[in-house]
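Participant: Got a structure for you, questions after.
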Amino acid sequence: MTWERTHVDEGARRQWRSTIAAAQAGDRQALDELVEGWLPLVYNVVGRALNGHADVDDVVQETMLRAVDNLGSLRDPDSFRSWLVAIAMRQIRDRARRRQTAQLDESAAREATDFAELTVLRLQLEGQRREVAEAVRWLDDEDRQLLSLWWLEVAGELTRRELAAAAGISRQHAAVRVQRVKERLETARGIVRALDGACPGLRELAARWNGRPDSVWRKRLARHIRGCGYCGDTREAVVPAERLLVGIALVPIPVGFTLSLALGGKTAAAATATATSVGWTAKVMAALTQPAVAVTAGATIVAGGAYVVTQTPDAPPHAVAPTDASTARPQSPPPSATPTATPSPSPSPSATKRADLYGTVVDAVDRAPDPDARPAALPRRPESGITSTGGRRAVMQHRGDSVTLSGQGYVLVRWQLSPHSRPGALVMPAWTGLKGKLFHVASGGGRRMDDVYGDGSDRGYVTGMGGPDIGYTVLPDGTQQMWQNEYFYLDGSVTLTQNERGADYGLAVFPSDWAAADKDINQGPPDGAVRYGLVRDTGKDDTPVPQYVTRETPADAATVPQQSRV
């Protein structure tokens, strides 16, 4: 640790020491500062330990109320931080004991905000930092509780002594447990990385998975990865988790959450009475209902939408704010060696006038670009984040499975066709109940699903659509040939429904971002893929709309016509 960091930390300790002493002596302003200053830390400890469950609000509120009530019993102001975190950990464990004796409300668990997803969306994480945040959901509750402390230790928010005190164990025991959590986290990172790949064996294994991480599937998938040369082949160096965690700052407290903490669901009059009785002053009430500011190593994040992310030395610089959308129109793809049907290149100048209105341009059959043709620049549209009823990864394997997406940003739909299970005619998925706008902006994944990539030795596959030994998945006439990864841009809300009848297929749906889409489509043949991706976004309202989309909500989504106009 540098002299400057030590000097700053000591100065901060002296400031908090005097503030804590003043609050213990009855100074309301000092109490205000304590609550406002330490609420982000408690929110992140609890949020990460509970993985964003709906109980986070209640546990954080109970922690802060107990801290205020028992502040007078704190003998050493220097131990305030570990004392406060220890209270939070006790509340987390108490909540776990209560839930063991009560029936779990699965619907509430599904509706809860996933803290890993919140971390990715609010902190604009990319690359391996995003991978670490997503891997957290594969850990068991006990490991996640310890990880929430180690995460803050790595970020400089806690010391190892404070971590051990909060966990209620010795420093030696803490070292052993942290090492075990790190090992499980690395295993989970491998799973996240492999699921983003295109291993046919893993795809077949995961076809039976319901999409919700648990210890059983963690062991199954990890066992496959250990014995699979495809999944174990990582092209980029894997950065140790602790180096990545340094750059993952505190997640800002949602404004809605702070309001809930202050009011507790009561009327304003009742909440004011409660707040006064436990020491909440008018200033605290006001502070808790304003966007919170969290400052940690590597970043400053302001709740409510402003993000200023400072890259750590191991991460390359990147733009963190959306740029103006490009208006460059992608070039028409060159002919393929094996064209499918009538091509539909980008609108010609004579057709531009007719294509100005949103929803009049839909996907149509086109030809595959040359494998070595780099895609046009992908226009960058505004992103505030996408929420999904299926969480960070919604897996839809059966007819009628659906996921509702809402917000402003990018969505990845990954195709999984299983002609070895059931070949034949495929009934396309449909987008229904659209409010706002939906565009088909890019295609990636390194290949179109009809690209030849094997010799039939891989369970009979010659293309992603199948092979002569196992049969082929056949698209309806006039349907756009899908790629492995299809990217869409949503500004509003829409429901995507799996309409499996006939051919067996699955969809995995991920809230994504511009950076991920841009990286995907530019990973071409030099990276082992069949071809570069394809940009469909013109940056305007004449960007194609998916074929099977409607603003209606039909009883059977499979009845949505191919050429909908929205």
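The values are calculated or read from the model by the stated rules, or taken from the named source; none is laboratory data. If you're wondering where the values come from, they're calculated on a predicted model, not measured in any experiment. Cβ coordinates were reconstructed from backbone atoms using ideal geometry, including for glycine residues, and neighbour counts include every protein chain displayed. Ligands, DNA and RNA are stripped out before the accessible areas are found, and what is left, the full protein with its side chains, is counted by its heavy atoms. Shrake-Rupley method; radii C 1.70, N 1.55, O 1.52, S 1.80 Å.
Participant: If a residue must be free of Cβ contacts under 8 Å to residues at least 60 places away in the same chain and assigned to a helix (DSSP H, G or I), how many such residues does region 19-55 contain?
Facilitator: 11
Participant: Only residues that are open to solvent by less than 10 Å² (accessible area, probe 1.4 Å) and not aliphatic (A, V, I, L, M): list them for region 163-198, please.
Facilitator: Arg189
Participant: Looking at region 63-95, which of the residues that are over 16 Å from Glu36 (Cα atoms) and of a type in the set (Ser, Thr, Tyr) is surrounded by the most Cβ atoms within 10 Å (Cβ to Cβ)?
Facilitator: Among residues in region 63-95 that are over 16 Å from Glu36 (Cα atoms) and of a type in the set (Ser, Thr, Tyr), the one surrounded by the most Cβ atoms within 10 Å (Cβ to Cβ) is Ser82.
Participant: List, please: which pairs have Cβ atoms under 6 Å, are six or more places apart or on different chains, and start with a residue in region 70-90 that is within 11 Å of Val46 (Cα to Cα) and end with one that is open to solvent by 70 Å² or more (accessible area, probe 1.4 Å) and not aromatic (Phe, Trp, Tyr)?
Facilitator: Final answer for the pair search is Ile87/Arg66.
Participant: How many residues, within region 389-403, are in a loop (DSSP other than H, G, I, E, B) and either hydroxyl-bearing (Ser, Thr, Tyr) or on the phi < 0 side of the Ramachandran plot (or both)?
Facilitator: The qualifying residues number 8.
Participant: Taking the stated definitions as given, is Arg551 touching a residue at least 60 places away in the same chain (Cβ under 8 Å), assigned to a loop (DSSP other than H, G, I, E, B) and open to solvent by 30 Å² or more (accessible area, probe 1.4 Å)?
Facilitator: Values: touching a residue at least 60 places away in the same chain (Cβ under 8 Å): yes; assigned to a loop (DSSP other than H, G, I, E, B): yes; open to solvent by 30 Å² or more (accessible area, probe 1.4 Å): yes.
When the stated conditions are applied, Arg551 passes them.
Participant: If Phe510 passes every condition in (1) within 15 Å of Phe439 (Cα to Cα); (2) touching a Leu at 6+ places or on another chain (Cβ under 6 Å) but one, which one does it miss?
Facilitator: For Phe510, the failing item is (1).
Participant: Continuing with this model, one more query. If the requirement is being surrounded by 22 or more Cβ atoms within 10 Å (Cβ to Cβ), at pLDDT 95 or above and of a type outside the set (Gly, Ala, Ser), which of these qualifies: Pro419, Pro429? Walk me through it before giving the result.
Facilitator: On the way: Pro419 fails: at pLDDT 95 or above.
Answer to the check: Pro429.
Participant: Separate question: Considering only region 387-407, state which residues are open to solvent by less than 20 Å² (accessible area, probe 1.4 Å) and of a type in the set (Asp, Glu).
Facilitator: None; the set is empty.
The rows are residues; the columns are (1) in a loop (DSSP other than H, G, I, E, B); (2) out of contact with any strand residue (DSSP E or B) (no Cβ under 8 Å at 6 or more places or on another chain).
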{"residue": "Ile386", "(1), (2)": "no, no"}
{"residue": "Val411", "(1), (2)": "no, no"}
{"residue": "Pro419", "(1), (2)": "yes, no"}
{"residue": "Leu434", "(1), (2)": "no, no"}
{"residue": "His440", "(1), (2)": "no, no"}
{"residue": "Asp469", "(1), (2)": "yes, yes"}
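Participant: If we scan region 96-114, do we find a residue that is at pLDDT 70 or above, closer than 27 Å to Arg177 by Cα and surrounded by 18 or more Cβ atoms within 10 Å (Cβ to Cβ)?
Facilitator: no
Participant: Hey, among Gln563, Gln484, which residue is open to solvent by 20 Å² or more (accessible area, probe 1.4 Å) and in contact (Cβ under 8 Å) with a residue 24 or more places away in the chain? Break it down into steps so the answer makes sense when it comes.
Facilitator: On the way: Gln484 fails: open to solvent by 20 Å² or more (accessible area, probe 1.4 Å).
That would be Gln563, the only listed residue that is open to solvent by 20 Å² or more (accessible area, probe 1.4 Å) and in contact (Cβ under 8 Å) with a residue 24 or more places away in the chain.
Participant: Name every residue in region 361-376 that is surrounded by fewer than 20 Cβ atoms within 10 Å (Cβ to Cβ), in a loop (DSSP other than H, G, I, E, B) and either without any contact (Cβ under 8 Å) to a residue 12 or more places away in the chain or β-branched (Val, Ile, Thr) (or both), in order of residue number.
Facilitator: As a first pass, look at region 361-376 and keep what is surrounded by fewer than 20 Cβ atoms within 10 Å (Cβ to Cβ): 362, 364-365, 370-374.
Still in the list and also in a loop (DSSP other than H, G, I, E, B): 364-365, 370-374.
Across region 361-376, the qualifying residue is only Val365.
Participant: I'd like to check something: does region 217-230 contain any residue that is at pLDDT below 80 and part of a loop (DSSP other than H, G, I, E, B)?
Facilitator: Taking region 217-230 first, the residues at pLDDT below 80 are 229-230.
Then keep just the ones that are part of a loop (DSSP other than H, G, I, E, B); that gives 229-230.
There is at least one residue in region 217-230 that is at pLDDT below 80 and part of a loop (DSSP other than H, G, I, E, B).
Participant: Just give me the residues in region 360-382 being farther than 12 Å from Ala442 by Cβ, of a type in the set (Gly, Ala, Ser) and in contact with a strand residue (DSSP E or B) (Cβ under 6 Å, 6 or more places away or on another chain), in sequence order.
Facilitator: If the condition is that a residue be farther than 12 Å from Ala442 by Cβ, of a type in the set (Gly, Ala, Ser) and in contact with a strand residue (DSSP E or B) (Cβ under 6 Å, 6 or more places away or on another chain), then Ala368 is the only one that fits.
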